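Notes for the one structure printed next.
The values are calculated or read from the model by the stated rules, or taken from the named source; none is laboratory data. Since this is a predicted model, take the numbers as computed values, not measurements. With ideal geometry, Cβ positions are generated from the backbone for all residues, glycine too; neighbour counts draw on all protein chains shown. Calculation scope for accessible area: heavy atoms of the full protein, side chains included, ligands and nucleic acids excluded. Shrake-Rupley method; radii C 1.70, N 1.55, O 1.52, S 1.80 Å.
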Amino acid sequence: MKDGIHLEIATAGGSVYDDMVSYVELPLFGGSVGVLQDHAPMLGAVESGVVTARKSDGTEAFIAVDLGVANVVHNEATLLVRTAERAENIDLPRAEAAEHRARERLGDKTGGWDMKRAQIALHRAIARQAAVRMMKK
């Protein structure tokens, strides 16, 4: 195996990211975790957020993910998540509109909305926007 970490991010629909990286930052419950080559084995719960994948040439990829599990072992980092989108594929105005809708639903105490679902939608919309903004830096 080459130097680095093999990173794969997959959903039920298939693989969203599959490449060798020199560093990956994972959004886990309790805080983000940075992973370098030869990291200790780890299993963690992924929360809504942005995965940062840095290749050895310095290029970075940003992937918005939503709830799942991460497994790191033998220089392999595998994330199985509900949703994942690469920043370059995210429609920023659509993500902003989704955030607005979710906030309205959370604020409407008489609408009979599923509040847990609205919270999940809000977190996902925020993560999607963050991925795009990180890519544009």
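Go through (1) over 15 Å from Leu7 (Cα atoms); (2) among the hydroxyl-bearing types (Ser, Thr, Tyr); (3) in a strand (DSSP E or B) one by one and return the number of the condition Thr78 breaks.
(1)
All but one of (1) at positive phi; (2) open to solvent by less than 70 Å² (accessible area, probe 1.4 Å) hold for Asn71; state the number of the condition that does not hold.
Of everything listed in (1) at positive phi; (2) open to solvent by less than 70 Å² (accessible area, probe 1.4 Å), Asn71 misses just condition (1).
Please go through the stretch 29-47 and give me each residue that is part of a strand (DSSP E or B) and of a type outside the set (Val, Ile, Thr), ordered by number.
Gly31, Ser32, Gly34, Leu36, Met42, Leu43, Gly44, Ala45
Suppose we filter Arg86, Arg94, Arg54 for residues that are open to solvent by 80 Å² or more (accessible area, probe 1.4 Å), touching a residue at least 24 places away in the same chain (Cβ under 8 Å) and not hydroxyl-bearing (Ser, Thr, Tyr); which single one remains?
Matching residue, one of Arg86, Arg94, Arg54: Arg54.
Can you work out which of the residues in the stretch 98-113 that are touching a residue at least 12 places away in the same chain (Cβ under 8 Å) and small (Gly, Ala, Ser) is surrounded by the fewest Cβ atoms within 10 Å (Cβ to Cβ)?
Ala98
Among the residues of the stretch 17-47, write down those that are in contact with a helix residue (DSSP H, G or I) (Cβ under 9 Å, 6 or more places away or on another chain) and either among the aliphatic types (A, V, I, L, M) or open to solvent by 30 Å² or more (accessible area, probe 1.4 Å) (or both).
Glu47, the sole residue that qualifies.
Can you tell me how many residues within the stretch 1-16 are modelled with pLDDT of 95 or more and surrounded by fewer than 17 Cβ atoms within 10 Å (Cβ to Cβ)?
Looking only at that region, the number is 7.
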